[in-house]
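What follows is one structure encoded as structure tokens, with my remarks underneath.
The values are calculated or read from the model by the stated rules, or taken from the named source; none is laboratory data. What you see is a predicted model; the values in this text were computed from it and never measured. Cβ: placed from backbone, ideal geometry, glycine included. Neighbour counts: every protein chain shown.
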2 protein chains.
Amino acid sequence: MDPHRALKYARAGQKKFVSELKEFLRFPSVSSQPEHADDLKKCARWLAQHLQHIGLDRVRIIPTRGNPIVYASWLRAPGRPTLIIYGHYDVLPGEPLREWRTPPFTPTLKNDDLHARGAADDKGQLFSHVKALESYLKTERALPVNVKCIFEGEEEIGSPHLTAFIERNQGALRADAAVISDTRMLAPDRPAISYAQRGGLRAELVVKGPPHELHSGNFGGAVHNPLQALCEMIAGLHDAQGRVTIPGFYDDVRRWGEKERAFMARTGPTDEQILQDGKVERGWGESGFSLYERTTIRPALTLNGMAGGHYGRGAKSIIPARAIAKLSFRLVPDQDPEKIAQLFRDQIERITPPAVRSSVRTFSPIEPALVDRHHPAVRAAAFAYKKGFGASPVFIRSGGSIPVVNTFQKVLGIPAVLMGFGLPDDHIHGPNEKFHLPNFYSAIATSICYLALAARLRRPQPTQAQTEWQRS
Amino acid sequence: MDPHRALKYARAGQKKFVSELKEFLRFPSVSSQPEHADDLKKCARWLAQHLQHIGLDRVRIIPTRGNPIVYASWLRAPGRPTLIIYGHYDVLPGEPLREWRTPPFTPTLKNDDLHARGAADDKGQLFSHVKALESYLKTERALPVNVKCIFEGEEEIGSPHLTAFIERNQGALRADAAVISDTRMLAPDRPAISYAQRGGLRAELVVKGPPHELHSGNFGGAVHNPLQALCEMIAGLHDAQGRVTIPGFYDDVRRWGEKERAFMARTGPTDEQILQDGKVERGWGESGFSLYERTTIRPALTLNGMAGGHYGRGAKSIIPARAIAKLSFRLVPDQDPEKIAQLFRDQIERITPPAVRSSVRTFSPIEPALVDRHHPAVRAAAFAYKKGFGASPVFIRSGGSIPVVNTFQKVLGIPAVLMGFGLPDDHIHGPNEKFHLPNFYSAIATSICYLALAARLRRPQPTQAQTEWQRS
């Protein structure tokens, strides 16, 4: 199928697409805050109606024990390959609100950037594929390949129900490759395909001291302070060189050979680029590795937040009663999140000072993932980028974690093609998140070309459908 | 003047006194939160009206650059000694509100305890003296001694305007002794007179990293985390033995001889008692000193609160952009708060990791204070306790800081008689603060007896009045 007419439709429809994306961005579909459960349902409903509207078949809102999965398919190309298109419609919280220049759920256009929480991660990227599908369906009344869309609402909380859903519906979800756009390019003219993801694990550490706050005059110097103890424990988790001190933490970290490291040095961002992306002056962390290596082939432990005692306005002369820290691990092959959770618990038990008590909760384990960058479905993506962006993509490793990559590979036995459309300065997860509209338009064109190229992939599998989904 | 009729009046008036104290406690006179400035004014007005009502002369609300000072005097006993009665009508914030069993500014009677923020610190203790004055004025139409009441509204923020006020009005404030009830007894049957106070200094430490939050997947392991850096810095301020590591911090700490330490061991609370008061299982801090010594003759550095990144519900995979810590020092003779502030600044500069930036703000310096426990005005207080509580007081050191103690001693040259009426489990500065009503009644009786005994003090000074107060 020639993508010519679809590309033309997409070029003509840009204004309409932006206006629809704005609608999509207005839902505060924050998966980590229970009070937004209803917003997630509404957002799922809007997305399902939209998929129906553009002409996909079998649109379903599939309930899970958490937020629903929006599924849609178009399977009228017998004998042709089948692609899964994955994305997530949930987003992170908008907080801290005072640091946003425009409200996070009031999408606002500034020059060529659309500002809103989820603009790049992942509503905008997900929507690029939806608009590519629409461009074919509205011009050709058909797609070049069979398509199964899986849009979930729990990626930002570690996709707790998605793996079970995919495992229970392996037959119905059979496909040749999965396309995921939830990563980033190196620059507007430097597209990128990710071939590696770090895994992850989250932890909450609570330290308790006296049953209630104590007067720091009467007790200061004689009673240990759980907040200070937490600082000591956190400080003790890294050595002066930025290495994690948990015994055994590095035991299973794969050592990559010189060939792979040389490839990374050629293709990946330089230290200078990474510092510039983060707007920081100097790097930090394990010596002997570039900043790119530190964020991809080396694991990390990050303190995401912490609070205890009185930190608001005014002063309170107290010894706090408790303190909490939220941490996250980024893990690499061949680390096992469950094993790391156990090592962490053991270490916390060892380093808790005797005068306080600590408790640990770990959750959202995600295994690290690697994608074969020579797989035909991945190479097709490289060609598509060249057409959509006018530049060949580089193959890079990503420091983040998309839980489903592993599931697609392990459960369905198909590669995850990680076509990133975000930019390093899109501020994903932070205040003032944005999506660069020229990237949105090029992403749609890239997806249109990819669908055409995917039609030529070998090893087509017979398409299957199943009308009733197992609740995950 | 025989205290008999005043004591009888006080016994008969208990119910009325409690009801008036409840009115006083209803004002959320929180000096550390600017939004309560008006509540402080209203509380001052109520107190002034009350002092007028019980029969004091020259009641004035004296404006300062901060919260007003309520002044009242009765100087119709020429040739007799003059007592200053000091107290403070400001309180700490009620937060954390969820930990209160009754709202902090809705005074609630439970058995023999009156629960409210400020019940013991210091409205209840201050009011004990007011009711003692009323008991004389309503029965004898006179007081045994001349009295000058100074009730300020800024004690909990370090009395920033009181010293200047006292310095500018030295003549008008001339007196023989100052009575302050803002400390505690050891137990309901073990009254106590404080003869030492620790000094203090507050500090705020801010650490900044990237200009905004960064995605911890993309940057974790390569960019230093200001919150983690703050933990490292805080952890480094104490050694493993609980000693403060700031170079020079202990240089000026006075070493007390065996005689004083033996006196302290005899009179002060035991380690067990202090642990029981704080409801903690084990002590912490400098070895070689009892817990009582650690909280009185040894200085302390306490982390009062800290926050950074995402610590609310849900998870956010970020490297925070900034973090803040609030700390307070408790200082002992002969440490100088200004010198300690400089040592702290220097040390923070030294230990700030190169990949982040830090800034320090210090405020509320308070010098440590000692009172001669053999001074006649102090010994008279001991007799008064025996009459009011049926038990001789012990002489103890206090770990807290009342800024005015030093000012009275240095500027007016008079001793501060620290008659405590609070109990160790009154939860001052914490949730569920209370005042034990039997202590309130005994405190009034003690004050009545003290006023009678003070009439016999030697070295009476000519009383002076000044109608116009200098704005401090």
If I ask for residues that are surrounded by 15 or more Cβ atoms within 10 Å (Cβ to Cβ), outside any helix (DSSP H, G or I) and of a type in the set (Gly, Ala, Ser), which ones from the stretch B:338-370 would you list? B:Ala355, B:Ser358, B:Ser364, B:Ala369
Could you identify the single residue in A:Thr245, A:Thr183 that is of a type in the set (Ser, Thr, Tyr) and over 30 Å from A:Pro393 (Cβ atoms)? A:Thr245
Tell me, which residue of the stretch B:249-301 that is in contact with an Asp or Glu (Cβ under 7 Å, 6 or more places away or on another chain) and under 16 Å from A:Gly217 (Cβ atoms) is modelled with the lowest pLDDT? B:Asp277
For the stretch B:1-45, which positions are modelled with pLDDT of 95 or more, more than 27 Å from B:Ile69 (Cβ to Cβ) and surrounded by fewer than 14 Cβ atoms within 10 Å (Cβ to Cβ)? B:His4, B:Lys8, B:Arg11, B:Ala12, B:Lys15
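Which ones in the stretch A:69-94 are more than 18 Å from A:Glu154 (Cα to Cα) and within 14 Å of chain B (Cβ to nearest Cβ)?
Those that are more than 18 Å from A:Glu154 (Cα to Cα) and within 14 Å of chain B (Cβ to nearest Cβ): none in the stretch A:69-94.
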Selected residue (only one of A:Ile246, A:Ile319, A:Ile324 is farther than 22 Å from B:Arg322 by Cα, in contact (Cβ under 8 Å) with a residue 12 or more places away in the chain, assigned by TED's automatic domain parsing to the domain that holds A:Glu213 and touching an Asp or Glu at 6+ places or on another chain (Cβ under 7 Å)): A:Ile319
Considering the stretch B:95-124 alone, what residues qualify as being of a type in the set (D, E, K, R), within 23 Å of the chain's Cα centre (by Cα) and within 14 Å of another protein chain (Cβ to nearest Cβ)? B:Glu95, B:Glu99, B:Arg117, B:Asp121, B:Asp122
Can you tell me which of (1) touching a Phe, Trp or Tyr at 6+ places or on another chain (Cβ under 8 Å); (2) within 30 Å of B:Gln276 (Cα to Cα); (3) β-branched (Val, Ile, Thr) is the one A:Thr270 doesn't meet? (2)
Taking B:Thr352 as meeting all but one of (1) farther than 30 Å from B:Ile414 by Cα; (2) within 12 Å of another protein chain (Cβ to nearest Cβ); (3) polar (S, T, N, Q), write down the number of the exception. (2)
Look at A:Ile319 and say whether it is of a type in the set (A, V, I, L, M, F, W, C), more than 30 Å from A:Leu418 (Cβ to Cβ) and away from chain B (no Cβ under 14 Å). no
Here's a check for you: in the stretch A:317-337, which residue that is buried (at least 20 other Cβ atoms within 10 Å of the Cβ) and more than 30 Å from A:Ile396 (Cα to Cα) is farthest from the chain's Cα centre (by Cα)? A:Ser317
Is it true that some residue in the stretch B:146-167 is farther than 20 Å from B:Pro403 by Cα, modelled with pLDDT of 95 or more and in contact with a Pro (Cβ under 9 Å, 6 or more places away or on another chain)? yes
Please verify whether A:Ala325 is under 30 Å from B:Pro34 (Cα atoms), in contact with a helix residue (DSSP H, G or I) (Cβ under 7 Å, 6 or more places away or on another chain), facing chain B (nearest Cβ under 10 Å) and modelled with pLDDT of 95 or more, treating the condition exactly as stated. yes
For residues in the stretch B:17-34 being touching a Lys or Arg at 6+ places or on another chain (Cβ under 9 Å) and assigned to a helix (DSSP H, G or I), which is nearest to the other protein chains (Cβ to nearest Cβ)? B:Pro34
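Could you pull out the residue among B:Ala265, B:Ala229, B:Ala235, B:Ala300 that is out of contact with any strand residue (DSSP E or B) (no Cβ under 8 Å at 6 or more places or on another chain) and buried (at least 17 other Cβ atoms within 10 Å of the Cβ)?
Working: B:Ala265 fails: buried (at least 17 other Cβ atoms within 10 Å of the Cβ); B:Ala229 fails: out of contact with any strand residue (DSSP E or B) (no Cβ under 8 Å at 6 or more places or on another chain); B:Ala300 fails: out of contact with any strand residue (DSSP E or B) (no Cβ under 8 Å at 6 or more places or on another chain).
The match here is B:Ala235.
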Does A:Gly257 satisfy being closer than 30 Å to B:Phe329 by Cβ and among the small types (Gly, Ala, Ser)? no
Tell me, yes or no, whether the stretch A:414-426 has at least one residue that is within 22 Å of A:Leu133 (Cα to Cα), surrounded by fewer than 24 Cβ atoms within 10 Å (Cβ to Cβ) and among the β-branched types (Val, Ile, Thr). yes
Scan the stretch A:50-73 for residues that are under 25 Å from A:Ser19 (Cβ atoms) and more than 22 Å from the chain's Cα centre (by Cα) and report the count. 8
Run down B:Gln335, B:Gln342 and say which single residue is without any contact (Cβ under 8 Å) to a residue 40 or more places away in the chain and assigned by TED's automatic domain parsing to the domain that holds B:Leu205. B:Gln342
Tell me yes or no: at least one residue of the stretch B:189-197 is more than 9 Å from every other protein chain (Cβ to nearest Cβ) and without any contact (Cβ under 8 Å) to a residue 40 or more places away in the chain. no
